């Protein structure tokens with residue numbers, strides 16, 4: 001692990017493995033870098049270095065107080081700055097949900113840092129008016145209460161696939177507990193700021209046909225927030241993109257069914273040269 005400074009903010013990141021090429025993981029909302037730990041061994045075993053930042057407002061990174069400090073473009077600039085600061089050159093960039101919005105912004109603003117993209121449980125289009133209003137309502141609630149706890153259970157219900165029959169229930173409970181801990185540990189200002197960033201994000205659908213690096217699109221078959229049809233359309237719009245639908249998973253496919261996610265991820269990495 002390490003820290004670097006971006007825009008005067010101390011940014012914490014996880015750093016494992018070694019290799020001529022790195023995989024940079026960008027977490028979703030409202031989580032932190034460690035949500036990607038089940039995928040780190042896959043990248044390391046494929047001969048890649050692993051880097052995963054806690055975005056501003058999350059994990060062990062600094063928490064700006066003002067909403068204006070948060071934007072998807074600013075997050076993207078941070079990722080590119082970290083790549084440069086560590087001398088990583090061209091990286092495989094992996095983003096889930098909000099991390100996917102950021103990955104697409106990197107592809108638009110800093111395409112020179114990319115050797116490949118993995119877009120998981122995400123979308124290129126902006127929030128609907130109803131979606132923006134919901135985010136505003138959540139911001140108001142967190143601001144009023146000074147606490148994110150009232151939103152945690154409702155968000156978990158939306159992001160996790162329904163409990164399966166058989167022995168899948170314990171895994172869902174374990175994933176829910178892990179994500180719930182991450183959510184509750186997120187500073188209210190970080191939660192509010194990230195909601196602002198997502199609410200104000202621009203439409204990236206016009207970017208998709210111009211993406212020129214190998215791309216894997218992954219989606220949980222039960223993802224209610226970025227459904228399969230959205231992922232299918234995104235994969236179809238990106239030249240040569242591969243689509244993987246993960247059974248038994250909702251909006252956090254990498255944790256809900258890591259076996260299938262990791263197999264697709266490993267196969268994707270195997271198609272890429274390891275050099276920068």
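The values are calculated or read from the model by the stated rules, or taken from the named source; none is laboratory data. Remember, predicted model here, so these are calculated numbers, not experimental data. Ideal geometry is used to build each Cβ from the backbone, glycine not excepted, and the neighbour counts take in all protein chains shown.
Test residue 122 against the stated conditions and say whether it is over 24 Å from residue 220 (Cα atoms) and assigned to a loop (DSSP other than H, G, I, E, B). No: the conditions fail for residue 122. Considering only region 257-272, state which residues are touching a helix residue (DSSP H, G or I) at 6+ places or on another chain (Cβ under 9 Å) and within 19 Å of residue 97 (Cα to Cα). Matches in region 257-272: 257, 258, 260, 261, 262, 265.
Out of all the residues in region 189-208, is one or more more than 30 Å from residue 114 (Cα to Cα), surrounded by 15 or more Cβ atoms within 10 Å (Cβ to Cβ), within 20 Å of the chain's Cα centre (by Cα) and in contact (Cβ under 8 Å) with a residue 40 or more places away in the chain? Yes: region 189-208 contains one or more residues that are more than 30 Å from residue 114 (Cα to Cα), surrounded by 15 or more Cβ atoms within 10 Å (Cβ to Cβ), within 20 Å of the chain's Cα centre (by Cα) and in contact (Cβ under 8 Å) with a residue 40 or more places away in the chain. Counting the residues of region 227-256 that are in contact with a helix residue (DSSP H, G or I) (Cβ under 9 Å, 6 or more places away or on another chain), assigned to a loop (DSSP other than H, G, I, E, B) and over 23 Å from residue 38 (Cα atoms) gives 3.
Using the structure shown, decide if residue 115 is farther than 20 Å from residue 249 by Cβ, in contact with a strand residue (DSSP E or B) (Cβ under 9 Å, 6 or more places away or on another chain), modelled with pLDDT under 95 and not in a helix (DSSP H, G or I). Quick ask: steps written out before the conclusion?
Numbers: farther than 20 Å from residue 249 by Cβ: yes; in contact with a strand residue (DSSP E or B) (Cβ under 9 Å, 6 or more places away or on another chain): yes; modelled with pLDDT under 95: no; not in a helix (DSSP H, G or I): yes.
The answer is no for residue 115.
Here residue 213 meets the list (1) touching a strand residue (DSSP E or B) at 6+ places or on another chain (Cβ under 8 Å); (2) within 14 Å of residue 107 (Cα to Cα); (3) in a helix (DSSP H, G or I) almost entirely, failing just condition (3).
If we scan region 82-91, do we find a residue that is more than 15 Å from the chain's Cα centre (by Cα), under 25 Å from residue 253 (Cα atoms), touching a residue at least 60 places away in the same chain (Cβ under 8 Å) and surrounded by 20 or more Cβ atoms within 10 Å (Cβ to Cβ)?
Yes, that holds for at least one residue.
Give 52, 43, 107 a once-over and let me know the one that is part of a strand (DSSP E or B) and either closer than 24 Å to residue 231 by Cα or modelled with pLDDT under 95 (or both). One residue alone meets the criteria, 52. For region 266-276, the set of residues classified as assigned to a helix (DSSP H, G or I) and either within 11 Å of residue 92 (Cα to Cα) or at pLDDT below 95 (or both) consists of 268, 269, listed by residue number.
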